[in-house]
Structure formats: structure tokens, C-alpha cells
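The values are calculated or read from the model by the stated rules, or taken from the named source; none is laboratory data. What you see is a predicted model; the values in this text were computed from it and never measured. Counting neighbours? That spans all protein chains shown, and the Cβs are built from the backbone with ideal geometry, glycine included.
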Amino acid sequence: MRLDLSRKIAAFCRETEGGTLQELTALEGREDLFLHVRDELAAGRMPHSLEADLDTLNGLAERRLGKGFYPSTSRAAPLPGHEEATGAQYWSCPRGRCSGRGRVRPGQAPPFCALGSADLIAEPIPP
């Protein structure tokens, strides 16, 4: 299954928080690529090379760590015939650039988007 760009951006955004990916790219001599992608997304730009750059960074993580930072599964469409809203919510990108961060849990503080300098927002999962 091919991962769409919004999910790749969401995965990259998560990896900017802990510093691990930046440290890894520095060890591999590719910190410039990490910083370029981070700065472009933080500025709201999405150059044509963005997806290829994200794929390069994910490949670097795969080679170095044995697995990349892209998620292996995606949020699926509901089963046919299920038309009602469930009340469940997921964390959504306030700038609409990435696919968000997963299901909202009761009492959970909103995750912070390091690239957008804002908290993610809770939105209903579409039926």
C-alpha cells in the first residue's frame, strides 16, 4: 500500500519532537536534508522535491535502525452500511498539511505540532 504525502508529513512531524531523526541524520552526514525539510514545512512551503526528500530520510532511518519512521497502517474507511458518526475523534493538523496523529483519548492533552508551532485539533472521525 502506497502512503500518501500527508501521512509522510505527519510521520516526519512526529520525528522532529524527540530529536532522534535529526541526530541520526547528523551521524549520517545528512542533517542538511533534515533541516531543509523541517524548515520548508515550518514555513508552509511544500516544494516538488518534498516527497522524495521525506522518502530519502525514511530510507536512511530504515538502513540505520532497521525500520523507518513511516507508519505501517492507515486509518481505514468504515464498513459499508455504517453511516452513523461514532463520536470518536482524531488529532488533526491545524494547518491541514498532514494526516494528524491518531485517536483522541479522554483527558489527553493535544499533541503539539513542532512544524506548525500549534497544538493539533480534535476532529470527528468521518462516518
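So which of 29, 102, 116, 87 is at pLDDT 85 or above and of a type outside the set (A, V, I, L, M)? If you could, list the steps in order and put the result at the bottom.
Working: 102 fails: at pLDDT 85 or above; 116 fails: at pLDDT 85 or above; 87 fails: at pLDDT 85 or above.
After applying the criteria, what remains is 29.
Which residue, of 51, 62, is modelled with pLDDT of 85 or more and touching a helix residue (DSSP H, G or I) at 6+ places or on another chain (Cβ under 9 Å)? Talk me through it step by step, then tell me what you get.
Numbers: 62 fails: touching a helix residue (DSSP H, G or I) at 6+ places or on another chain (Cβ under 9 Å).
Unique residue meeting the criteria: 51.
Residue-wise test of (1) touching a residue at least 40 places away in the same chain (Cβ under 8 Å); (2) crowded, with 16+ Cβ neighbours inside 10 Å; (3) among the charged types (D, E, K, R).
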position	(1), (2), (3)
35	no, no, no
38	yes, yes, yes
43	no, no, no
46	yes, no, no
53	no, yes, yes
57	yes, yes, no
60	no, yes, no
63	no, no, yes
71	yes, no, no
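Within segment 93-127, track down each residue that is surrounded by 14 or more Cβ atoms within 10 Å (Cβ to Cβ) and of a type in the set (Gly, Ala, Ser). Result: 99, 100, 102, 114, 116, 122.
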